[in-house]
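Undergrad: This is the structure I have questions about; it appears just below.
No value in this document is a laboratory result; all are computed from the given coordinates. Not measured: the values here are computed from a predicted model. Here Cβ is always computed from backbone atoms with ideal geometry, including for glycine, and neighbour counts include all displayed protein chains.
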Amino acid sequence: MLGFVGGSVMMGRLADRFGVIVPVVTGSLSLGVGYAATAAAPTMWVFALASGVFIGLFGASAVFSPLVADISRWFDRNRGIAVALCASGNDLAGAVWPPVLQALVAGAGWRTAQLVVGGVCVVAMLPLALVLRQPVPAEVPRKASAAASRERAETRPLGLAPNTLQGLLVVAALGCCVAMSMPQVHIVAYCVDLGYGPARGAEMLALMLGFGIVSRLASGVIMDRIGGLATLLSGSLLQAVALALFLPFDGLTALYIVSAIFGLFQDGLVPAYAFIVREYFPASEAGYGSGSRSRPHSPAWRSGAGCRVRSSTSPARIKRPCSTALPGMR
């Protein structure tokens, strides 16, 4: 997560300067190396280092923010739905992978699961990266930049200095992702806590992220009609309502329903930030702006994460340190 923080800004700069294919190819190869390295890691320190450098710093950070920023530069009309479609990729993966990984870990072990994920990243992502070789047409960024320049000349964005607006977006993203991380990080452990088992929690996570696809696509349509800021404000309110629904309900059926509602309400916030960056900042800074806005995601997710587990010898709920070694690791 810390690697993702620094990598997002760095890869955004690379995308602005050389095009999106450079960070995407870099990220694809780095993810493959990172997952292979973690699969072979003999200690937790090696596992953490490989995850931070290859999966975080040069891997995941090189894909999401640069891709979302790049797609925003290709569209003037229907930009919201275009950004939302691009941003829905990780939700689709989140809906598909949890049950698959649950079965892989249970049947073949976590090391094999890491190798499978790394192999899929290289085999699937590298060929798809070739589609991104064509640079953004020159006339698109020129028009967008000219419009942005006129906007800044006439009035500052929302009456704020650009750095102030960027800082407020960072703070908003921090709060958004603390709330977003709570159910997504804890739902599996929470189901174990309640006696439902990890498989039910993985299903709820997949359901949450599956409905997140609907949320992102809907937010894209809404952004094209009312703009990014209004979408962000309304989505933040709905996210707060959905998060509060986890407090009174802990039944199995109720948790499935609440997980679906949470996914439907909260995931549309993510493309809204990229849309706002593209609305109020020049196209030439789209990658950097989206990467900077992604910086608070990792510490926010870390602050919302924990290692609540149920003791194998006692029904009491306890906390164990996050540094506990994985099976087969010193």
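Undergrad: Per 0.36 nm of contour for each residue apart, how much would the distance between Asp193 and Asp76 grow if the chain were fully extended, relative to their Cα-Cα spacing?
TA: Extra length from Asp193 to Asp76 when fully extended: 37.3 nm.
Undergrad: Grab the Cα-Cα distance for Leu92 and Leu252, subtract it from 0.36 nm times how many residues apart they are, and report the gain in nm with one decimal.
TA: Between Leu92 and Leu252, full extension yields an extra 55.2 nm.
Undergrad: Next question, about the same structure. Once you list every other residue whose beta carbon is under 12 Å from the beta carbon of Gly220, what net charge do they have if Lys and Arg are +1 and Asp and Glu are -1?
TA: +1
Undergrad: Still on this model: From the phi of every residue in region 231-241, what ³J(HN,Hα) in whole Hz does the Karplus formula 6.51 cos²θ - 1.76 cosθ + 1.60 yield, where θ is phi - 60° and glycine or proline is x?
TA: Result, rounded to whole Hz: 5, 5, 5, 5, x, 5, 5, 5, 4, 4, 5.
Undergrad: Among Met208, Met180, which comes first, second and so on when ranked by fewest other beta-carbon atoms within 10 Å?
TA: Numbers: Met208 27, Met180 23.
With the sparsest Cβ surroundings first, the list reads Met180, Met208.
Undergrad: Compute the length gained on full extension between Leu128 and Leu160: take 0.36 nm times their separation in residues and subtract their Cα-Cα distance, giving the result in nm to one decimal.
TA: So the extension gain works out to 7.6 nm.
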